[in-house]
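Heads up: the structure comes next, in structure tokens.
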Amino acid sequence: MIRSQLFFVVFILIILSSCSPHLFASLRSNNMNQLELGMSREQVTGILGNNYTIAEKRLEGGVPLEVLSYRNFPNDDEFYLFVFRGNELEKWYRELVPNFESRKD
């Protein structure tokens, strides 16, 4: 009985550990290296996944502008912004959330 329970636990750990890199792989360098300016929104989200937030959406000179934001898990203070003009990737850049720690005098 204990042997079967141990086998089950080991099996579950193997399954979870093999899946976890794919769950958090949205901004790995090999994925980022596949990106090219001019790609469509669908191409970019196909590479990086659908775990994004729409940070901005507006018309600029009659052309739709959309900015997608991806958090770089597990770094909660780091995210990437992807700017699409007319459904084409115009640029992307990294942002860091300021870390305001209280100073002790």
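The values are calculated or read from the model by the stated rules, or taken from the named source; none is laboratory data. In this text, all values refer to a predicted model and were calculated from it rather than measured experimentally. Here Cβ is always computed from backbone atoms with ideal geometry, including for glycine, and neighbour counts include all displayed protein chains.
Structure notes:
- Test: residue in the range 16-29 that is at pLDDT below 75 and in contact with a helix residue (DSSP H, G or I) (Cβ under 6 Å, 6 or more places away or on another chain): yes
- Given (1) surrounded by 12 or more Cβ atoms within 10 Å (Cβ to Cβ); (2) outside any strand (DSSP E or B); (3) hydrophobic (A, V, I, L, M, F, W, C), index of the condition Leu37 fails: (1)
- Looking only at residues of the range 47-68 that are within 21 Å of Asn30 (Cα to Cα) and at pLDDT below 95, we find that the one that is surrounded by the fewest Cβ atoms within 10 Å (Cβ to Cβ) is Asn50.
- Note on the range 30-42: residues that are within 11 Å of Phe82 (Cβ to Cβ) and at pLDDT below 90 total 1.
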